[in-house]
1. Run residue B:66 past the list (1) within 26 Å of residue B:279 (Cβ to Cβ); (2) within 16 Å of DNA strand D (Cβ to nearest atom); (3) of a type in the set (Ser, Thr, Tyr) and report the number of the one that doesn't hold.
2. Looking only at region B:112-123, decide whether some residue is under 26 Å from residue B:265 (Cα atoms), within 11 Å of another protein chain (Cβ to nearest Cβ) and modelled with pLDDT of 90 or more.
3. Could you check how many residues of region B:226-250 are at pLDDT below 80 and within 9 Å of another protein chain (Cβ to nearest Cβ)?
4. Before we move on, is residue A:277 more than 9 Å from chain B (Cβ to nearest Cβ) and farther than 20 Å from residue A:110 by Cβ?
5. Taking the condition touching a helix residue (DSSP H, G or I) at 6+ places or on another chain (Cβ under 6 Å) and at pLDDT 95 or above, does residue B:90 pass?
6. Given (1) among the small types (Gly, Ala, Ser); (2) facing another protein chain (nearest Cβ under 10 Å); (3) free of Cβ contacts under 8 Å to residues at least 40 places away in the same chain; (4) surrounded by 19 or more Cβ atoms within 10 Å (Cβ to Cβ), identify the lone condition not met by residue B:255.
7. Identify, please: which residue in region A:258-294 is modelled with pLDDT under 85 and aliphatic (A, V, I, L, M) and is, among those, surrounded by the fewest Cβ atoms within 10 Å (Cβ to Cβ)?
8. Could you please find all residues in region B:1-45 being surrounded by 13 or more Cβ atoms within 10 Å (Cβ to Cβ), among the small types (Gly, Ala, Ser) and out of contact with any Leu (no Cβ under 9 Å at 6 or more places or on another chain)?
There are 2 protein chains.
Amino acid sequence: MDDRKQKVLLAIVHDYIKTAEPVGSRTIARKYQLGVSPATIRNEMSDLEEQGFIEQPYTSAGRIPSERGYRYYVDFLMRKQELSKEEEELIRREYEVKVRDVGQVIQKTGQLLSQLTHYTAMVLPPRIGISNIKHIQIVYMHQSQAMVIAVMDNGTVQHRLIEIPESITALDMETISKVLNAKLQGQAMKSIKLTLIKDIYYELARHRNLLDLVMELVQESLTLEFEDKIYLGGVFNMLNQPEFRNVEKIKTMLSIMEQEKLLCDLLEGGAGDEGVTVRIGGEIDQLDIKECSMITAPYSIRGRKMGFIGVLGPTRMEYAKVISVVDYMTKHLSQTLEQMIRGRKK
Amino acid sequence: MDDRKQKVLLAIVHDYIKTAEPVGSRTIARKYQLGVSPATIRNEMSDLEEQGFIEQPYTSAGRIPSERGYRYYVDFLMRKQELSKEEEELIRREYEVKVRDVGQVIQKTGQLLSQLTHYTAMVLPPRIGISNIKHIQIVYMHQSQAMVIAVMDNGTVQHRLIEIPESITALDMETISKVLNAKLQGQAMKSIKLTLIKDIYYELARHRNLLDLVMELVQESLTLEFEDKIYLGGVFNMLNQPEFRNVEKIKTMLSIMEQEKLLCDLLEGGAGDEGVTVRIGGEIDQLDIKECSMITAPYSIRGRKMGFIGVLGPTRMEYAKVISVVDYMTKHLSQTLEQMIRGRKK
DNA sequence: TTTAGCACTCAATAGAGTAGAGTGCTAACA
DNA sequence: TGTTAGCACTCTACTCTATTGAGTGCTAAA
């Protein structure tokens, strides 16, 4: 692909991202100084179309980038775009106030992502399956009920009400808490194996009843990993995009947004181990939202991948901008979380 | 208002609720056996319009109920509509599985509400401000950080990471936990007064530093009451309503849905102390969502009002149906929550 | 290789006409 | 006096038909 063709493609992508209207040869000649006439540009466009980088919605309309065109743009033509001073300032300021626990950080991240990009943001909170138990506590509520609380070292807290046999006293529970703490502290939810459970059983044979219930909680927390909550921000930003002028599209869009499970898969599915991943249109294979692109990236705490953040927008997305925002935010998020949970030992 | 006028109004309300089209005199004569000709009905309609119960979108269209018309319908004409056996069965079944903690119950309630009514459901979880502290625990995370956990007797758990001076040991914290529990157990967050705090201060003069932070949490939990989370269900149900054919309306609608604070006010604002409240159109004064009605009701645990549930739909709403669903759900919700937190002493 | 010119295509817009639902009025009827 | 049939009138929604304009592709000349 020669230099001038690249320039033409770049012009088409830029203009279409900005206006959402098919771009004609004349517009390019007028707005982007290439030093050639519209006729020449038409010839180039004809070639580009043959190679599959651009397409025509109908005969005698302007051209729009194809998915392949966007891909080429993202891979070769796009120039990196740093965040502005104001934006960085905004992020810094927002993270400073009122973010006391992990949940709030996650939520704020979603908010910022959507605010900065004007698209829909998705954030997957730190997965508990791969974090370690810091403390387990059983709180007596009344004669047939107790609350099991597990504090994880990523700063989250799991809790559940359980039924207990009436024969068990508050004192019993304290004993159980102690043993559980001794055995489970520092263990990852995932790594709690049968041997360990047997070990605890042995030590607490007397309290087998209660123990069954507690272990059930532990087990369930593990499965919870897969039905994790996901934080969305700016869903209705998407409605400002001209591609959502028609109500049917909005409906499919929103019904997708209500399926948390699907979104989690979407977010986890494509992202690589490190760095920002861009998926354009059909490259998101799980789903048939047409004309959408996703930009995702994992964030980590102390080098361990803990979750994902992502932005969903139309294929006609401001890739350069969104990529740098996502990149910047993962780093900032990792940093904020690390600061918050400073105590973690490697 | 004489009997026949009521019948005509009822016919108009029913038909408009069903079809979302202005209702003409002929339609009424055909579909609702009133035993009179369209001309007579026209005369009645003319009167009804003069009295403000119905209106015409434009000359020579059919009539639609005015807000006053809906109000009259709800107050005097509407017949109570019981839930079907299938619906009751559905509710029972859904509450049985996988509702282990209060959060899940709340979420499930929202889901059911929207599923049964086909409108948007909102649920305000039990307010912590008016619930009592069951247990306070401080968990040591590492040398400069601790997690404060408060278990409330309504089955919710509050938690927060706090910074602690390095001089404080894990043992210190256990002492503090003990004293806090002794003093705060059974107290409502709201009722924690200065005298009580002084009392604790006195007893724990040595640990004043840490105490400051813990009390701050308690204080903040109190303010949290006002920025409570709200659970929404079936937001996109609304899009199936024909009044949301145009995109602008969808946008205002959704942007309202994203403002949690506003929704909480909305939910709390109009509801009375007991029973179902219906607000029609302009009667929802906080807001300028036009053409919407809200049906709300408080739910309680052991006779104490703990939160609200509500349904938001177009003014052209199936009032009879929604009212009975909301009514039924508050009762069922109260019951489920009471069962779950059985231990509460009056 | 580039450019100007020109015929052709197609969506979007605007206008005109038509159909249909519904009203209000009047006069006749029970 | 209340009810009804008849009829002229109103207004929206829909269809059909130009018209406009942006844009292309091709050809021939520079």
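The values are calculated or read from the model by the stated rules, or taken from the named source; none is laboratory data. Given the structure is predicted, the values throughout are model-derived calculations rather than measurements. Here the Cβ is made from the backbone with ideal geometry for all residues, glycine too, and neighbour counts use every protein chain on show.
1. Unmet condition: (2).
2. The answer is yes, given that some residue of region B:112-123 is under 26 Å from residue B:265 (Cα atoms), within 11 Å of another protein chain (Cβ to nearest Cβ) and modelled with pLDDT of 90 or more.
3. Residues meeting the conditions: 3.
4. No: the conditions fail for residue A:277.
5. So residue B:90 does not fit the description; no.
6. Of everything listed in (1) among the small types (Gly, Ala, Ser); (2) facing another protein chain (nearest Cβ under 10 Å); (3) free of Cβ contacts under 8 Å to residues at least 40 places away in the same chain; (4) surrounded by 19 or more Cβ atoms within 10 Å (Cβ to Cβ), residue B:255 misses just condition (4).
7. A:287
8. Residues satisfying the conditions are B:20, B:24, B:25, B:29.
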